[in-house]
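Take a look at the structure below.
The values are calculated or read from the model by the stated rules, or taken from the named source; none is laboratory data. This one's a predicted model, so the numbers in the text were calculated from it and none came from an experiment. Heads up, the Cβs are rebuilt from the backbone with ideal geometry, glycines too, and the neighbour counts pull from every protein chain shown.
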Amino acid sequence: MDVVGQRPLSYYRKQLVETELAFYDMYNALTDQKEFKIRCRIEKPSGSHIARKVCYPQYELTAIAYETQIAMIPKAQETRGIIEPLPTSSGVKVLVNNEKRAATEHLIKLLTENPELLEQYQALITDMKNFKQAKSELQQARSDY
């Protein structure tokens, strides 16, 4: 009889988060573009009490803040002070498409100029693949039962 050990999915998730945060720290230290820096914060998804750390590029946070501010301004008399709907993440992503393209080009430039950042990025990609594989194996095992 063979005994096969398996790491829990939480192990791979934790490893991925640690690698991702280390990459963001190194990236932020190397970039001189304030709008391209990655900012992380603790958020609770709507309807949940479970907080988690999420990270956004500064240009996205700036767009969210601006769109929220615009939505909170009461409109003309005919709207009777009704507040506009708050921005959605998908709506903001459309608004920042050009910034995202520029940030990606900036990242590629930094990766080509900094071997340590490239190494950290490759570790991040590896951990993403490991997590995805472990998650897939867990789902497969659950469906086999």
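Looking at this structure, is LEU138 at pLDDT below 95 and part of a helix (DSSP H, G or I)?
On the way: at pLDDT below 95: yes; part of a helix (DSSP H, G or I): yes.
It is true that LEU138 is at pLDDT below 95 and part of a helix (DSSP H, G or I).
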Checklist entry - For segment 65-81, does any single residue satisfy the condition of being at pLDDT 85 or above, touching a strand residue (DSSP E or B) at 6+ places or on another chain (Cβ under 9 Å) and either more than 23 Å from LYS109 (Cβ to Cβ) or not in a helix (DSSP H, G or I) (or both)? => result no
Checklist entry - Can you tell me which residue in segment 12-61 is surrounded by the most Cβ atoms within 10 Å (Cβ to Cβ), limited to those that are of a type in the set (A, V, I, L, M) and in a strand (DSSP E or B)? => result ILE38
Checklist entry - Would you say ILE38 is at pLDDT 95 or above, of a type in the set (A, V, I, L, M) and under 14 Å from the mean Cα position of the chain (by Cα)? => result yes
Checklist entry - Can you name every residue in segment 45-64 that is within 22 Å of ALA22 (Cβ to Cβ), of a type in the set (A, V, I, L, M, F, W, C) and more than 11 Å from the chain's Cα centre (by Cα)? => result ALA51, LEU61
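If a residue must be within 17 Å of the chain's Cα centre (by Cα) and either touching a residue at least 24 places away in the same chain (Cβ under 8 Å) or surrounded by 13 or more Cβ atoms within 10 Å (Cβ to Cβ) (or both), how many such residues does segment 127-145 contain?
Narrowing segment 127-145 to residues within 17 Å of the chain's Cα centre (by Cα): 127-129, 131-132.
Checking the rest, the ones that are also either touching a residue at least 24 places away in the same chain (Cβ under 8 Å) or surrounded by 13 or more Cβ atoms within 10 Å (Cβ to Cβ) (or both) come to 127-128, 131.
Within segment 127-145, residues that are within 17 Å of the chain's Cα centre (by Cα) and either touching a residue at least 24 places away in the same chain (Cβ under 8 Å) or surrounded by 13 or more Cβ atoms within 10 Å (Cβ to Cβ) (or both) number 3.
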